[in-house]
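Written below as structure tokens is the structure these notes are about.
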Amino acid sequence: MKEIIKEFVDGFKGLTKDPDIELSDKTFGNHSSNMLRFKIGEYITKFVIDKIKLGDIDSFLKDASNILTKTYQDSGLSHTNLNYFRKFYKKYRNQPDLAEKAFKLSWSHNVALLKDKLNDDERNYYLNRAIADNWSVKEIEYQIKNDGFDSFLNEIEQTNYRFNIKALRIKNYKSLVNINITEPTRLLVFAGANASGKSNIFEAVEFLMHSAMTTGTIAFNIFGGVENIVNFKALAENNQFLEIFLDLSFGKNNHNIRFGLKYDIKNKKLIREFTGIKELDEKIVDSFSRIFIDNIKRAENKLKIYNKLWIDASNLSSILKTIFKDEKKKEEIIEWIQILIPDIEKVSIEKDLSGKEELIVYEKSYPDKPFTGNLISEGTHNIIALLTLFYQADKPQFVCVEEPETGLNPAILSELIPFLREMTEKYNHHIWITTHSASLVAELSEKELIIVNKKNGATQTNQCKEGDFEKMRPDEAWLSNMLKGGGLPW
Amino acid sequence: MVKVGFIVEGTSDFIILKSDKFQNFLKYELGIESGESLIKIARSRANLKKNFVSLVRNLQNENVDYIFTLVDQDDKEEQRKNKGYRPPDCPIAIVSEIKKFRDNKNYIFEKNIFIIMTREMEAWFLADENLGINYDGDPDIIFNPSDIVANHLKTKSHVKIANRLKYEFSLTRAAENSKSAKRFLNKLKQITNQSS
């Protein structure tokens, strides 16, 4: 063994012209020090291959390191480092481009990048970012730990799918005689008296999506027939159009898309219109959801897409099960549930005796007696359904939620707005909600609120402007009849 | 035409003032322009005080010429008995507070703000003989007129009371028997005379 180590140390001397090996980034700069480390890594690897009967490589390197450290009086030749040199060589030997990048970084940076099992793409990404953004060693470790590369891929994916709603225009859909919503904020709340037509706005968008996904005039049948959908007056006048148009702008380049429909009431002809795209792609259809939790009535006859939450959230368990396969999403969802309902320990999807998947809620107080089915409180169920809705897709969503306040404590409702805002910022969702809750409205800024009212059978919308609250609490301003359009029952 | 805004305490006052009957009375008999959007609801006396400046500013943005604030006097005896009684609940304190706001030139320069104290608007319902509600005494002094009206109509809902009476109630008739109603009516007449 001693001979082998001697041979190893002798060979080591030939690696550099200098009699001293000084592995200091400070003295020689990252590049030349790293080149030498790479060379040493190569030498060790090749030496090990040649001396195949070496036996335990690790203890061989330990002995070799002892002698090398004494010979060269350099702590950079520790046993751990020799092992890292091997790895360094192994990772970059077939990737000269990547090696060049790695040579630019300090040795501690490189060690951080060697620690984890990264594939070439991942390593390339972290190298690029570390160089371009001057990442510290800690930052590299943090990014790897938190799957920075995955987030980067998601970001690319999201950029393609990220959209802004520019405008929604509806004419003659039920009570919506002429509605224009322009430049809405990502979180948009519709408040108004009962039967003022709030839901019709969401339904009109849903109708537009359904008509895009179906052929002919099937969508009319799904939604209850032409006579129930077209505005009563417009139907009687018989010379008008039902129109729904959505203006979107996609991606970084603001690719503008208008898509919509026009129904000629007199000639009973439905025309689908697209501007900026040849046909409606999955980008748009996949992005829309309308939810009215537990409202079975509204879910009747609607198209049910297997991998999306249905309008009444009746397929909650199966969707949540899919989401829970993603550990990161699961963690985030459970954290939110625990914030909003502190007594909940965890939530899971398990099979019941008949093999049907069921939502199970564990409370901190009764960890052995989980709640299922009807035993889960209305509010808990609603919160879980809402979270499922926002986490069900990786792409930005346009989500219309009706009355999310059902069964929720006012304090939770105050927290719901920051939660929804976070969802819009983090995942680029557009979240539109209808509400009757003052606690919910209390947390809004002017631009996030639309007052809906009905005059002579026609729904009207008023987007609030900055200053409209006159320094009052938003809910007080609303209930004091301070906002244009009123939005009050009496 | 004079444009007038109102600040009221509760929903039933709001329903009466915005009713077609009252709005037509203002428009055609007094020459006053108003409307539902010009009636603000404070929703409680404490809120009236807290939000008074905001409510007034909101009406000023609508370019009203005059603002009427209707403050309920309520039943002081009852309030004293109530342990929760505190100065912000006291109508006199509120009136003097909002008078301070009104008269403070640095705060609200608007001089055309009138404060009308009523027992409760329900006292005006008593005072309107056509409504045929039985009571003893002066409607402006009688305790809890809303209870009497509620008993008469056999309902606990103030909104229901207001909705039932909004087609029949007449401020002119109420002014015959109620001093506060008369003050309100006279002030409304006065501002139209001033402007014409």
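If one takes the longest principal axis of the Cα atoms in chain A, at what angle in degrees, from 0 to 90 and to the nearest 10, does the Cα axis of helix A:198-213 lie?
So the helix axis and the longest Cα principal axis differ by about 70 degrees.
Would you mind ranking B:Arg57, B:Arg119 so that the residue whose beta carbon has the fewest other beta carbons within 10 Å leads the list?
B:Arg57, B:Arg119
In terms of modelled amide H atoms, which long-range or inter-chain residues lie less than 5 Å from the amide H of B:Asp72?
It is B:Thr118, by chain and number.
Please name whichever of A:Met472, A:Thr459, A:Pro489 sits farthest to the positive end of the charge dipole of the range A:437-490, dipole taken about the Cα centre and charges placed at Cβ: Lys and Arg +1, Asp and Glu -1.
Comparing the listed Cα positions along the dipole, A:Thr459 ranks first.
Using only Cα atoms, find the angle between the long axis of helix A:120-132 and the longest principal axis of chain A, and express it within 0 to 90 degrees, rounded to the nearest 10.
Tilt relative to chain A: about 90 degrees.
With the alpha-carbon atoms as the only input, what is the per residue convex hull volume for chain A in Å³?
So the per-residue hull volume is 224 Å³.
Defining a contact as two alpha carbons under 8 Å apart and six or more residues distant in sequence, what relative contact order in percent does the range A:256-324 show?
Once normalised by length, the contact order is 21 percent.
Give me the extension gain from A:Ile4 to A:Met35: residue separation times 0.36 nm, minus the current Cα-Cα distance, reported in nm with one decimal.
Full extension of this stretch gives 8.7 nm more.
Sum -39500 (n - 2.57) across every DSSP H segment of at least 4 residues in chain A, then divide by the residue count to get the 222 nm mean residue ellipticity, nearest 500.
-14000 deg cm²/dmol
Could you derive backbone 3J(HN,Hα) for the range B:19-33 from the dihedral phi with the Karplus parameters 6.51, -1.76 and 1.60 (θ = phi - 60°), listing whole Hz in sequence and x where the residue is Gly or Pro?
These are the phi-based 3J(HN,Hα) values: 4, 3, 4, 5, 5, 5, 4, 4, 6, 8, 9, 10, x, 10, 8 Hz.
Counting only other residues whose beta carbon sits under 11 Å from that of A:Asn146, what net charge do I get with K and R as +1, D and E as -1?
-2
For B:Ile41, what charge total do you get from the other residues with a beta carbon under 13 Å from its beta carbon, if Lys and Arg give +1 and Asp and Glu give -1?
Cβ neighbours under 13 Å give a net charge of -2.
Label points 7 Å out from Cα along the Cβ direction at A:Asp326 and A:Thr80: separation in nm?
Result: 3.6 nm between the two label points.
Taking the Cβ of A:Lys198 as the centre, find all other residues whose Cβ is under 14 Å away and add up their charges (Lys, Arg: +1; Asp, Glu: -1).
Charge balance in the 14 Å sphere: -1.
Where a number appears in this text, it was derived from the coordinates with a stated rule and is not lab data. All of these numbers come straight from a predicted model, not from anything done at the bench. Backbone-built Cβ (ideal geometry, glycine too); neighbour counts: all protein chains shown.
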